[in-house]
Amino acid sequence: MTNHYDHAQVQEFWQYVWERDDVYELDDDAADPTYVLGMFPYTSGTLHMGHVRNYAITDAYARYRRMRGDDVLHPMGWDAFGLPAENAAFERKTDPRSWTEACIRRMREELETMGFGYDWSREITTCEPEYYRWNQWFFKRFYEEGLVEYEGASVNWCPDCETVLAAAQVEEREVGRSESTGRGSDDAASSDVERVCWRCETPVGRRELDQWFFTITDYAEELHDGLEDLEGWPEGVREIQRNWIGRQEGARITFEVSEARSASNGRGEGTEPREHGTVDVFSTRPETIHGATYLAVSPGHELADELAESDPAVADYVEDVRERDPGEVGFAGVETDATARHPLTGDELPVYVAGYVLEDVGTGAVMGVPAHNERDHAFALEHDLPIEGVIAPKNASVEVDLAADPYTGEGILEDSGEYDGLESEAARDRLLEESASIEDDVTYRLRDWLISRQRYWGTPIPVVHCDDCGPVTVPDEELPIELPEFVRTTGNPLDAAEEWKQTTCPDCGGPAERETDTMDTFVDSSWYFLRFLSPGLADAPFDADLADEWLPVDVYVGGEEHAILHLLYTRFFTKALADLGLLSEREPIRELKSQGTVLYDGEKMSSSKGNVVAPREYGAETTRLFVLSAAHPEQDFEWTANNVRGAYDLQQTLYGMAADFVEAGDTRLERRPSDEYLAREIDRTIAAVTEEYERFRFHRAATEIQELARLLRRYREYDRPHEEVYRRGLLTLAALIAPMAPHLGEECWNKLRGEGLVVEADWPDPEGDVADYRRERRLVETTLADVRDIVDTAAIDDPERIELVVAQDWKYEVVRLLADLVDEPADADTGTLVDRVLEADLEADVDRETVATFVAGLLERGSHTELDGVLAPATERSILERGAWLVTDEFDAEVTVRRAAEGDDLAGAARPGKPGIHIS
């Protein structure tokens with residue numbers, strides 16, 4: 001083929017036509033459109049292959065749904081706030097807005113060059129006041145509903161970014177190996193784990209700050225339980241969220257705490273006990289309570305604060321630990337003068353303040369059971385505390401050395417008073433029934449969402465601080481609170497914006513200062529999918545009627561790394577808005593597709609690693625087609641120039657076939673069996689590609705398209721093509737490839753004089769019944785393979801005549817009967833099956849021995865495929881007759897297809913789906 005497809009020449013024209021005809025714009029009166037959304041990009045500067053893969057997936061599916069007749073909402077916008085933009089602007093001696101706007105212009109141009117079909121009339125940018133005004137409005141509504149808290153907290157602090165990090169923004173990193181001091185191994189080695197910032201990888205510390213929180217924990221139960229209903233989400237993502245929410249069933253156990261100390265004389269002797277009320281602990285194993293040898297509270301627990309008031313040692317420890325990462329603290333701790341009364345035995349247990357007890361896990365207090373908990377065991381060894389075993393393994397042969405390691409399994413209770421001899425589960429049940437100090441409880445690992453950030457480039461929190469009134473929200477009519485002009489400074493630039501910061505209190509009119517923290521950018525992305533419904537709406541964040549009709553998002557595509565932060569927060573936002581009466585849906589996304597990573601030399605593409613391949617290097621169409629055809633969307637794949645070449649060659653093949661057909665015009669009108677075969681294969685390809693698009697398996701769709709293209713080329717080389725059949729095949733290829741390679745599809749469609757634009761064309765339909773298209777295709781493929789095998793095995797150099805013999809009708813009838821009788825052919829009894837088959841009164845006059853031989857052969861092969869439905873004998877013969885030209889073309893031999901006759905030597909060899917073959 002001499003016709004060459006030059007994508008650069010055609011893309012500008014077709015993009016102009018699409019824009020001229022507004023083919024991607026969705027009317028607001030559309031009835032329940034298919035909402036296809038890719039996670040909008042952070043404005044980092046340029047598109048990378050991760051972006052291209054994400055948006056190629058959504059674009060291909062959106063185009064496919066549009067051709068299926070759906071109204072489609074496929075928008076794009078910009079996640080434009082955030083610390084990286086602020087840092088990038090600082091490095092370039094510019095301001096964040098100018099840098100961000102330049103990035104948006106560049107990225108938008110790149111998206112348009114790639115030919116992605118977005119409804120640009122719905123474009124949103126989160127750093128625009130028209131957008132972030134509604135962040136502030138939501139904050140106020142949440143505040144009024146009790147979903148916002150302002151409190152002092154020990155928080156994660158990144159000294160490089162100079163901002164607070166939410167728990168999910170702190171990552172753990174191995175920093176080396178050190179000799180272990182652990183018990184149970186003399187020479188064990190352990191990894192040192194360092195907690196680092198998710199953005200800059202700087203080690204994270206702790207700070208005490210007043211911070212704003214969204215109380216996402218109010219929705220912990222619903223967020224957890226709702227995962228079961230998200231059947232369209234990958235199980236891996238759901239499991240990540242389950243683990244992060246961390247639901248644990250157990251018991252809440254109450255200890256009475258007192259302190260033998262006088263506030264005036266410190267650690268005095270003989271003073272009256274000072275009561276501290278009760279401390280609750282949460283335990284998943286309340287049956288171990290008789291093994292408790294101490295009580296420990298976190299440095300942030302209120303009891304630690306009380307004890308620190310009169311005990312300098314406790315005060316020093318608390319002060320030291322609160323500024324350190326929990327991983328640095330290890331199993332250090334300080335003993336206090338307080339004691340806790342054991343709720344069952346009445347024993348007085350020592351009380352410790354211990355850094356290994358986390359303030360935000362459970363109740364912030366633990367009953368130390370060193371014999372049956374690894375962390376408690378390590379703490380007990382560190383502080384020379386008793387280790388008292390109360391659960392023995394059920395298997396008496398299991399050796400337990402509690403001095404070396406705890407026993408953490410289930411077992412039989414011992415040294416537990418009246419509960420001795422009970423199994424763990426039975427003891428748990430009895431304790432919950434009989435003890436007033438032990439109650440059923442459920443806790444969650446999930447913590448409230450810390451939204452405060454000490455930076456400029458984010459949504460200002462709509463609060464002023466008044467000495468008389470405290471924190472006061474700004475009235476709605478004053479929204480948006482816009483950012484002041486950027487000032488280059490260290491720390492938070494908003495603290496330096498004195499004119500902007502100084503204001504008056506909305507309640508009392510006195511002097512006040514604006515809140516200088518801005519919101520976490522995940523607030524922006526938690527509801528942006530709603531703003532796309534009505535981006536120009538001025539008096540509400542979104543059109544509630546459209547939201548009721550158009551939500552949830554039908555398909556959402558993005559990286560699995562967003563499973564915790566973005567997706568969890570989006571689910572919380574949707575539920576909170578539903579409780580505010582703004583939404584009827586409580587889950588935002590029906591189907592989630594997690595995209596895999598594009599690798600280069602085995603590593604993820606990254607600017608820092610210098611292994612980035614820019615989309616422009618290979619052209620938009622080749623890049624799009626390759627990232628879709630390389631692998632399943634959820635799988636990682638390697639970028640290689642050789643594989644990219646395959647995507648390029650496919651484009652050239654399809655375009656060349658269309659151009660040659662238009663120019664050559666050498667066709668015929670009479671129909672032949674080969675035309676019928678091709679027409680049927682076109683139908684089969686349509687059915688296969690449709691199924692693959694529905695399942696997002698674009699790589700398989702591309703393979704099916706390649707196979708049909710090869711068949712069409714072979715068909716044309718075999719004989720003059722039939723005008724109508726061949727043109728239909730080429731139009732079908734243009735339509736099927738269009739969602740993945742839209743410029744190519746449009747150009748081929750236009751050359752072939754397809755009606756209108758392919759982007760607006762109807763998806764092709766099969767002309768015949770294709771319910772058995774896989775079986776039909778397999779019949780021809782396996783028959784061809786069998787012929788090749790015989791030719792090779794018998795060393796036939798030049799076959800002249802090939803006979804394909806279809807089995808007798810009675811064999812098809814037997815197979816259909818066996819399909820209802822046999823679950824596992826290998827386990828079936830031949831004699832019994834033969835009797836039951838003969839009892840069914842076969843239409844053919846066949847003796848028992850012949851039937852038994854045939855049935856035994858089927859069972860010996862153990863083939864479910866032969867029993868799992870068969871084509872009718874007439875259908876099988878017709879398919880082979882239509883496909884005989886492929887055998888003739890390959891072997892240059894005369895091919896005949898016939899039915900097996902009585903006494904025929906090939907009758908015994910032929911069976912349903914496997915014709916007898918004779919080559920001479």
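Computed from the coordinates by the stated procedures, all read-outs in this text should not be read as laboratory data. These numbers were taken from a predicted model, which means no experiment stands behind them. We place every Cβ from the backbone using ideal geometry, glycine too, and count neighbours over all the protein chains shown.
How much of the DSSP bridge set in the chain is antiparallel, in percent, rounded to the nearest 5? Spell out each step's value before the answer.
Details: 77 of 104 bridges.
Roughly 75 percent of the beta bridges in the chain run antiparallel, per DSSP.
The calculated FRET efficiency for the pair Arg106 and Glu222, based on their C-beta separation and a Förster distance of 51 Å, comes to about 0.80. Taking Cα centroids, how far is segment 649-706 from segment 109-170 in Å? That distance is 47 Å.
Here Lys93 is the anchor, and the lysines within straight C-alpha reach of less than 29 Å, apart from those fewer than 8 places off in the same chain, are Lys501, Lys609. Projecting the Cα atoms of Thr597, Ala340, Thr667 onto the charge dipole of the chain, computed from C-beta unit charges around the Cα centre, puts Thr667 farthest toward the positive end. Phi angles of segment 700-712 translate, via the Karplus equation with coefficients 6.51, -1.76, 1.60 and θ = phi - 60°, into HN-Hα couplings of 6, 4, 4, 5, 4, 5, 4, 5, 5, 4, 4, 5, 5 Hz per residue; Gly and Pro are given as x. Annotation: amide H of Arg899 within the under-5 Å range of Val806, sequence separation 5 or more or interchain, hydrogens built in the peptide plane. For Arg848 and Thr888, a Förster radius of 41 Å and the Cβ-Cβ distance give a FRET efficiency of 0.50, rounded to the nearest 0.05.
Remark on Gln595: its backbone amide H falls under 5 Å from those of Gly558, Gly559, Glu560, a criterion applied only to residues 5 or more positions apart or on other chains, H modelled at 1.01 Å from N.
Spin-label model, Glu382/Asn642: points 7 Å from Cα along the beta carbon direction are separated by 5.4 nm. Shown is the FRET efficiency for Ala403 and Thr345, computed with R0 = 22 Å from the Cβ-Cβ distance and rounded to the nearest 0.05: 0.45. A simple charge model with +1 on the Cβ of Lys and Arg, -1 on the Cβ of Asp and Glu and nothing else charged puts the dipole of segment 777-919 at about 320 debye relative to its Cα centre.
Between segment 309-374 and segment 379-411, the C-alpha centres lie 21 angstrom from each other. Fully extending the segment from Glu755 to Glu25, taken as 0.36 nm per residue of separation minus the present Cα-Cα distance, adds 260.7 nm. Residue-wise HN-Hα couplings along segment 90-97, as the Karplus relation 6.51 cos²θ - 1.76 cosθ + 1.60 with θ = phi - 60° gives them from phi, are 4, 5, 9, 6, 10, 9, x, 5 Hz; Gly and Pro carry x. Taken about its Cα centre, segment 632-771 carries a charge dipole of about 420 debye when Lys and Arg each add +1 at the Cβ and Asp and Glu each add -1 at the Cβ. Each residue, Asp719 and Glu767, gets one label point 7 Å from its Cα in the Cβ direction; the gap between the two is 1.5 nm. Could you let me know the centre-to-centre spacing of segment 472-526 and segment 769-804, using Cα atoms, in angstrom? Taking the Cα centre of each part, segment 472-526 and segment 769-804 sit 76 Å apart. Around the Cα centre of the chain, unit charges on the Cβ atoms of Lys, Arg, Asp and Glu (plus for the first two, minus for the last two) sum to a dipole of about 3520 debye. Counting only DSSP H runs of at least 4 residues, each contributing -39500 (n - 2.57), and dividing by the residue count of the chain, the helix-based mean residue ellipticity at 222 nm comes to -12000 deg cm²/dmol. Modelled spin labels at Asp210 and Glu603, positioned 7 Å past Cα toward Cβ, are 4.6 nm from each other.
Could you work out how much longer the chain between Glu485 and Ala794 gets when fully extended? Use 0.36 nm per residue separation minus the Cα distance between them, nm to one decimal. The partial results should precede the final answer.
On the way: separation 309, 0.36 × 309 = 111.24 nm, distance 8.60 nm.
Taking Glu485 through Ala794 to full extension adds about 102.6 nm, to one decimal.
Antiparallel versus total DSSP beta bridges in segment 777-919: what percent is that, nearest 5? Walk me through the numbers before you get to the answer.
Working: 5 of 11 bridges.
Around 45 percent of the beta bridges assigned by DSSP in segment 777-919 are antiparallel ones.
Taking amide H atoms as placed 1.01 Å from N in the peptide plane, the amide H of Thr43 lies under 5 Å from those of Asp79, each 5 or more residues away in sequence or on another chain.
Label zone (Ile919, point 7 Å along Cα-to-C-beta; backbone nitrogen cut-off 14 Å) within segment 797-815: 797-804. Between Thr832, Val815, Leu859, the Cα set farthest toward the positive side of the dipole of segment 777-919 (charges on each charged residue's Cβ, about the Cα centre) is that of Val815. Per-residue Karplus couplings for segment 447-455, computed as 6.51 cos²θ - 1.76 cosθ + 1.60 with θ equal to phi - 60°, are listed in order as 10, 4, 7, 7, 9, 6, 9, 8, 8 Hz, Gly and Pro entered as x. Taking 0.36 nm per residue of separation and subtracting the Cα-Cα distance, full extension of the segment from Arg430 to Arg801 would add 125.1 nm.
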